[in-house]
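The values are calculated or read from the model by the stated rules, or taken from the named source; none is laboratory data. Bear in mind the structure is a predicted one, so any value in this text is a computation, not a measurement. Here the Cβ positions follow ideal geometry from the backbone for every residue, glycine too, while neighbour counts run over all protein chains shown.
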Number of protein chains: 2
Amino acid sequence: MLAALDRSLISELPLFTGLAGNALDRILEPATSIRCAAGDAVFEQGEPATRFFVLLHGRLRVTQITGEGQQVVVRIINPGDLFGMAKALNRDDYPGTAMAVVDTTALAWPMEFWDDLLLAHSRLALNATQAIGLRLEDAHVRVREFATEEVERRVAHAVLRLAAQAGRAAPEGIRIDFPISKQDIASMTATTMYTVSRVLSAWQRAGLVDVGRQQLVVCDAHRLMMIGDGHERGLL
Amino acid sequence: MLAALDRSLISELPLFTGLAGNALDRILEPATSIRCAAGDAVFEQGEPATRFFVLLHGRLRVTQITGEGQQVVVRIINPGDLFGMAKALNRDDYPGTAMAVVDTTALAWPMEFWDDLLLAHSRLALNATQAIGLRLEDAHVRVREFATEEVERRVAHAVLRLAAQAGRAAPEGIRIDFPISKQDIASMTATTMYTVSRVLSAWQRAGLVDVGRQQLVVCDAHRLMMIGDGHERGLL
DNA sequence: CGGATTGTTGAGGATACTCAAGTTAGGTGG
DNA sequence: CCACCTAACTTGAGTATCCTCAACAATCCG
C-alpha cells in the first residue's frame, strides 16, 4: 500500500494556488509519483496518452520527430510545469517525447481524471487555462523569432531563456543547470549543430559565454541581450 | 436599453458546449455585441486589455509588430473562436493587433468577468482550456514547420490551412473567403512577398492554384499536400 | 585503451533575400 | 466614364546567410 502523497508537494505551485488544503488532498488522491533517470522517456511520441503530469524535480526535454526524421525541441519542462495533458489538446496520443535530461520526479494522474478534476475544482481549471495560456505565449514568441530573426539572434534568445529558466549562479556567470548539447540548441533554434558551434565559439572568444562539452555558462547576459535584440552587431 | 442577446448566438459553439440554457443566459448577461468594418481594428497591440471576445461572423487577422517594425501574422481568427483573452496569458495589454479583414461581428465581455465566468461555470473553464490547448498545438505545428521546412512547403501548408479554415467551394476549386495579399501570406510563413509571388506563380503555371490580386483559389489540394509533405519536388 | 559521442573548422554551394524596375488592378474624383 | 493614383504584384539580377559535406579533434565511458 502506497503512502499518501503530501499536499505540501504541490501547494506552492502556481497551478494549485487558491485551492484549499482538503481540495489539494482530493486532487492528489488519484496521483502517483514517478521517477526517471537521466535519459529515460516519461512518454514517447505517438504512445496512447494515459496520464498527465506535473514536474516536481529535474528537467525534461520535449521533442518531436518530423516525418523526415528531423528532431525539433518543442520545449523544456521545468519544475512546477504541467505536461502531457493531451486531453487539453483533444488528442489521445502524446504529440511528442518527454525525456529526462537529469534525474527527475513527477506526479502522474490517469488521464480520465483530467475532466473530472477541472470540473470539480474550478479554480484548478482557471489556473490550467493560465498555465496553457502562458505556454501559448511562449510559442508565439518562438514563432515570431523564427519569422524575423537571423540565426545568431535566435541562439542568443534561446540561451537567455535557458539561463532564465534553468540557470544557476556560478563564479563565472550563470550556468545552465543540465547537460545540453550543441545539437539540442540547434533543434531549439532551427539551425544546425555546425552553426551553433560557430556562434558559441565566437561568443566564447568575446568572453560572452563559456562553453564546454554539454555545458554552457553565460558570462555576459547583457551583451547577449543586445545581440538578441539586434542592438549590437553579431559576431559572425 | 439594449435588447438581451439570445443564447442561440453561442449555444452551438464548441466553447459553450455542455452548458445549460440558463447558464448561457447568465454568461451572456455582461456581454455586448460589436461590429467592425473591414480594416477596423478590434484592439491594437499594447492597448490595455479591457475586454475579451468571441467571433460570431467575419474574419480577423492578428498581427504583431517586432521592435524593428517587421510584421508577423500570428493567427487568423475564424467564427466561433475565442480571442483577446489577455487574462489567460497573465497580461494586461493585448500582445497583438486584431484587424477585421471583412465586415465582422463579435461578442465582447469586460475582462474582469474572465475569472468570474470561468469559476462560476467550470464546464466553460474546461472548454476554455481545450480551446487554448488547440491553439497551442497549432503554434507548435508552426514552430515545427519553421524549424524544418523550406519556404515552398511552408507556403503550401499555410495555404492549405487557409483553405481548411476559410475555404468556400467555388467552380474552380476552394476559394479563400476573404481578401488576402501576398504580403499576408509572407508574414504567415516567414518569407518575403517576392518569394510568395514566385511560388504562387509557379503553382499557377502548374494549375495548382488560381491567384489574383488579394485572392486565392486552391485547385489541386492533393498535389499541394504532396508538396507540403515533401513527397513531391517543389516547383521552384 | 579503444570506441562512441560530441564538437570544431574549412570550403563550397543552395536557398531565398534584397534591390530595382517595371506591370497590373482597383478605387477615386473630375 | 475615363484618367489618374496608389497599392498590390511581378520578375530579374546579384548576393548574403547559412546549410551541407568532409575531415579532424576532443572528451567521455566502459
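Take B:GLU150 and tell me if it is in contact with a Gly (Cβ under 9 Å, 6 or more places away or on another chain) and surrounded by fewer than 18 Cβ atoms within 10 Å (Cβ to Cβ). Don't jump to the end; show me each part of the working.
Details: in contact with a Gly (Cβ under 9 Å, 6 or more places away or on another chain): yes; surrounded by fewer than 18 Cβ atoms within 10 Å (Cβ to Cβ): yes.
Yes, satisfied.
Got at least one residue in the stretch A:168-186 being farther than 27 Å from B:HIS140 by Cβ, out of contact with any Lys or Arg (no Cβ under 9 Å at 6 or more places or on another chain) and of a type outside the set (Gly, Ala, Ser)? Let's see the steps before the verdict.
The first filter runs over the stretch A:168-186 and keeps only residues farther than 27 Å from B:HIS140 by Cβ, leaving A:168-175.
If we keep only those that are out of contact with any Lys or Arg (no Cβ under 9 Å at 6 or more places or on another chain) too, we end up with A:170-173.
Remaining after also requiring of a type outside the set (Gly, Ala, Ser): A:171-172.
Checking the stretch A:168-186: at least one residue is farther than 27 Å from B:HIS140 by Cβ, out of contact with any Lys or Arg (no Cβ under 9 Å at 6 or more places or on another chain) and of a type outside the set (Gly, Ala, Ser).
I'm trying to understand the selection: among the residues of the stretch B:165-182, which are in contact (Cβ under 8 Å) with a residue 40 or more places away in the chain and either within 13 Å of chain A (Cβ to nearest Cβ) or within 12 Å of DNA strand C (Cβ to nearest atom) (or both)?
B:PRO179
Step by step: first the residues of the stretch B:190-219, then only those that are charged (D, E, K, R) and surrounded by 15 or more Cβ atoms within 10 Å (Cβ to Cβ), then the one that is nearest to B:VAL151 (Cα to Cα). Which residue is that? Explain how you work it out, then say what you get.
So the first thing to find is which residues in the stretch B:190-219 are charged (D, E, K, R), and the list is B:198, B:205, B:210, B:213.
So of that shortlist, the ones also surrounded by 15 or more Cβ atoms within 10 Å (Cβ to Cβ) come out as B:198, B:210.
On the way: B:ARG198: 11, B:ASP210: 19 Å.
Ranking the qualifying residues of the stretch B:190-219, first place goes to B:ARG198.
Residue by residue, here is whether (1) in contact with a helix residue (DSSP H, G or I) (Cβ under 9 Å, 6 or more places away or on another chain); (2) within 12 Å of DNA strand C (Cβ to nearest atom) holds:
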| site | (1), (2) |
| --- | --- |
| A:ILE185 | yes, yes |
| A:MET193 | yes, yes |
| A:SER197 | yes, yes |
| A:ALA202 | yes, yes |
| A:ASP210 | yes, yes |
| A:VAL218 | yes, no |
| A:HIS222 | no, no |
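Can you name the strands (runs of 3 or more DSSP E) wholly within the stretch B:1-94 that have at least 1 residues being of a type in the set (Gly, Ala, Ser) and more than 18 Å from the chain's Cα centre (by Cα)?
Numbers: elements: B:32-36, B:41-43, B:51-57, B:60-65, B:71-77.
Counting at least 1 such residues, we get B:32-36.
Within the stretch B:103-142, work out how many residues are over 24 Å from B:HIS57 (Cα atoms), in a loop (DSSP other than H, G, I, E, B) and in contact (Cβ under 8 Å) with a residue 24 or more places away in the chain.
1
I'd like the residue in the stretch A:144-162 that is hydrophobic (A, V, I, L, M, F, W, C) and farther than 11 Å from A:LEU224 by Cα and, out of all such residues, is farthest from the other protein chains (Cβ to nearest Cβ).
Step one: list which residues in the stretch A:144-162 are hydrophobic (A, V, I, L, M, F, W, C), which gives A:146-147, A:151, A:155-156, A:158-160, A:162.
Going one step further and asking which of them are farther than 11 Å from A:LEU224 by Cα, we end up with A:146-147, A:151, A:162.
Numbers: A:PHE146: 4, A:ALA147: 4, A:VAL151: 12, A:LEU162: 17 Å.
So, considering only residues that are hydrophobic (A, V, I, L, M, F, W, C) and farther than 11 Å from A:LEU224 by Cα, the one farthest from the other protein chains (Cβ to nearest Cβ) is A:LEU162.
Test B:VAL196 against the stated conditions and say whether it is within 14 Å of chain A (Cβ to nearest Cβ) and without any contact (Cβ under 8 Å) to a residue 60 or more places away in the chain. Steps first, answer last, please.
Values: within 14 Å of chain A (Cβ to nearest Cβ): yes; without any contact (Cβ under 8 Å) to a residue 60 or more places away in the chain: yes.
So B:VAL196 fits the description; yes.
Among the numbered criteria (1) more than 13 Å from DNA strand C (Cβ to nearest atom); (2) under 22 Å from B:VAL62 (Cα atoms), which one does B:ALA156 miss?
Among (1) more than 13 Å from DNA strand C (Cβ to nearest atom); (2) under 22 Å from B:VAL62 (Cα atoms), B:ALA156 violates only (1).
Does any residue of the stretch A:142-149 turn out to be at pLDDT 95 or above and under 23 Å from A:SER33 (Cα atoms)?
no
Limited to the stretch A:85-113, what total is found for residues that are crowded, with 17+ Cβ neighbours inside 10 Å and more than 18 Å from B:ARG135 (Cβ to Cβ)? Before you say what the answer is, go through the steps one by one.
Just the residues of the stretch A:85-113 that are crowded, with 17+ Cβ neighbours inside 10 Å, to begin with: A:85-89, A:94-101, A:104, A:106-109, A:111, A:113.
Pick out the ones that are also more than 18 Å from B:ARG135 (Cβ to Cβ) and you get A:94, A:97-101, A:104, A:106-109, A:111, A:113.
The number of residues fulfilling the criteria is 13.
Might you let me know whether the stretch A:201-213 holds any residue that is under 24 Å from B:THR66 (Cα atoms) and either away from DNA strand D (no atom under 12 Å from the Cβ) or of a type in the set (Val, Ile, Thr) (or both)?
Within the stretch A:201-213, the first condition is being under 24 Å from B:THR66 (Cα atoms), and the residues that meet it are none.
No, that holds for no residue.
Tally time: how many residues in the stretch B:214-233 are within 15 Å of DNA strand D (Cβ to nearest atom) and either on the phi > 0 side of the Ramachandran plot or within 14 Å of chain A (Cβ to nearest Cβ) (or both)?
Final tally of qualifying residues: 2.
For the stretch B:89-119, which residues satisfy the criterion of being within 13 Å of chain A (Cβ to nearest Cβ) and of a type in the set (A, V, I, L, M)?
Across the stretch B:89-119, the qualifying residues are B:LEU89, B:LEU117, B:LEU118, B:LEU119.
Cβ-Cβ under 6 Å, sequence separation 6+ or interchain: first residue in the stretch B:203-232 and in the same structural domain as B:ILE185 (by TED's automatic domain parsing) and under 15 Å from B:LEU162 (Cα atoms), partner in a helix (DSSP H, G or I) and polar (S, T, N, Q). Which pairs?
Once the first residue is in the same structural domain as B:ILE185 (by TED's automatic domain parsing) and under 15 Å from B:LEU162 (Cα atoms) and sits in the stretch B:203-232, its partners that are in a helix (DSSP H, G or I) and polar (S, T, N, Q) give B:VAL211/B:GLN204.
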